[in-house]
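Beneath this line is the structure, given in structure tokens, with notes to follow.
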Amino acid sequence: MKPGPGSVSVIGMGYVGLCTSAAFASKGIKTVGIDIDEKRIEQIRQGRAPLYEPQLDSMLKKAVKKRLLTATNDISQAAYTSSTFLTVGTPSRKDGSIDLTSIERAAEELGTALSEKQSYHLVIVKSTVIPGTTNRIVNPILAKSSSKTIGTNLGLCANPEFLKEGTAINDTLHPDKIVIGANDKKSANTLKQLYMRFYGKNLPTVILTSPETAELVKYASNAFLATKVSFINTIANIAQSIPGVDVNQIVEAIGRDPRIGPLFLKAGPGYGGSCFHKDLQAIINFSENLGYSPLLLRATEGTNEQQAEKVVELVEKLTGPLEQKRIAVLGLAFKKDTDDIREAASLRVINLLMKKKGPIIVAYDPLAVPNARRLLTESVEFAQDERSALKGADCCIVMTEWNQFKKLRAKDYLALMRTPNLVDARRLYDPKEYESLNFAGVGIGPQE
Ligand code: UDX
């Protein structure tokens, strides 16, 4: 069955592509998901999400059952839809620069698929790409392989995505803005109309820009958020040396200033995830190639890298030399409610611990152990649950803010551990309730 006018296709069934597809289908818009990975396509056809994300599984199931979402590895199917979102990955190369191979290939194959099409088709670059990619790379590739002139019967927009893992569906259904970067009115209007069908009366603010501005908005957003985290971790590290100071109270105070705000100022072990590090590296590299060295963004990344050392310092302060010490690491995912360990702070901390002489590391995470097993060497033991991880441990580091870890009380730590040293790298606990342990937390000054 051909999807027909008004339908959309999405190339790249990763996080962004899957959530976008499921969300469009949930609004009754016929959607075709396209990916080269046959296993992934088969899973989607069966209505199963190939990655963990709350709400995604049930949404996919419904959409597939109603035949509003179909999946294929045949890119030529895109021609039977009216618009195609490109949501393929844009990973980092070794030097930090962006690798655009997937987007170039997708653009070329899509152009070929569209070459025979008579009616108007809109192509939307949703992948995170450095400024200039839509106009200088995607545009000429599409034009050549489709033999069409962009802006006439083939439209092109940049339209970045701001969804967060763990709340991706909600973020897609309720974004705080939609940014549309286009060179011509028809492309911009066609995409706006598609979003009007999607959001109806609740259409978020639409900001119309050039493609380059839209592309840079995404980097500005991630760079700012990452900088907020590194900023508060810097304050936390200063606070940590001053008796009686707690960074959380500092945030409570400064967050009331509307110019600052309270969000994204939680001190911790440093940011992780698939975007912040990759996007900062890409924009730093891009900027340097333009002849401008963005010192602030370099410092954001440097501070984040250093934060893992700060966590290990807290451990050593409590335990002394680590030889033969059993260290329990609670949490491996880069944040709660995901199985994703890409760039997770837990990995940086574990790698630093492994460089020290002789600690025994036992780790537990409610979802991320299978992913962690693939990355970590055999020198890390994996426990079945948090309590088994704590059994006989000489120190525990809370690395991810999972709700189930919050339920552990001081008496649980005292009963299970050999030596009750607790490093709260996520500030999950109220220090007052854990005074019976040897407790250290990021951003808490020493006891007087
Ligand atoms: C991020 C952006 O938020 C999103 O808009 C973009 O589209 C993709 O990148 P995500 O990677 O899912 O989303 O995670 P996010 O919730 O932003 O957290 C990133 C990292 O920062 C996590 O490791 C988190 O634990 C850490 N963080 C966040 C802090 O340490 N403190 C905070 O106050 C907030």
**Prompt:** So which of Arg40, Arg93 is within 22 Å of Val125 (Cα to Cα), surrounded by fewer than 17 Cβ atoms within 10 Å (Cβ to Cβ) and within 20 Å of the chain's Cα centre (by Cα)?
**Reply:** Arg93
**Asked** Take the residues of the stretch 412-433 that are touching a residue at least 60 places away in the same chain (Cβ under 8 Å) and more than 21 Å from Pro269 (Cβ to Cβ): which is farthest from the ligand (Cβ to nearest atom)?
**Response** Arg418
**Message:** Going residue by residue through the stretch 397-407, is there one that turns out to be within 19 Å of Gly358 (Cα to Cα) and within 15 Å of the ligand (Cβ to nearest atom)?
**Reply:** yes
**Asked** If a residue has to be assigned to a loop (DSSP other than H, G, I, E, B) and within 13 Å of the ligand (Cβ to nearest atom) to count, how many in the stretch 333-376 make the cut?
**Response** 13
**Asked** Where in the stretch 123-233 are there strands (runs of 3 or more DSSP E), lying fully within it, with 1 or more residues that are closer than 18 Å to Leu86 by Cα and away from the ligand (no atom under 16 Å from the Cβ)?
**Response** 154-158, 178-182
**Prompt:** Can you name every residue in the stretch 234-243 that is within 16 Å of the ligand (Cβ to nearest atom) and small (Gly, Ala, Ser)?
**Reply:** Ala236, Ala239
**Item:** Tally of residues being hydrophobic (A, V, I, L, M, F, W, C) and within 16 Å of the ligand (Cβ to nearest atom) across the stretch 1-48
**Value:** 4
**Request:** Would you confirm whether any residue within the stretch 138-159 is buried (at least 18 other Cβ atoms within 10 Å of the Cβ) and closer than 26 Å to Asp340 by Cα?
**Result:** yes
**Prompt:** Residues in the stretch 274-295 that are under 26 Å from Asp424 (Cβ atoms) and surrounded by 21 or more Cβ atoms within 10 Å (Cβ to Cβ): how many?
**Reply:** 3
**Message:** Quick test for you: out of Lys27, Lys62, pick the one residue that is surrounded by fewer than 17 Cβ atoms within 10 Å (Cβ to Cβ) and touching a Phe, Trp or Tyr at 6+ places or on another chain (Cβ under 7 Å).
**Reply:** Lys27
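Any read-out appearing in this document is the output of simple, stated calculations on the displayed coordinates, not a laboratory observation. Treat the numbers as computed from the prediction; the structure is a model and nothing was measured. Heads up, the Cβs are rebuilt from the backbone with ideal geometry, glycines too, and the neighbour counts pull from every protein chain shown.
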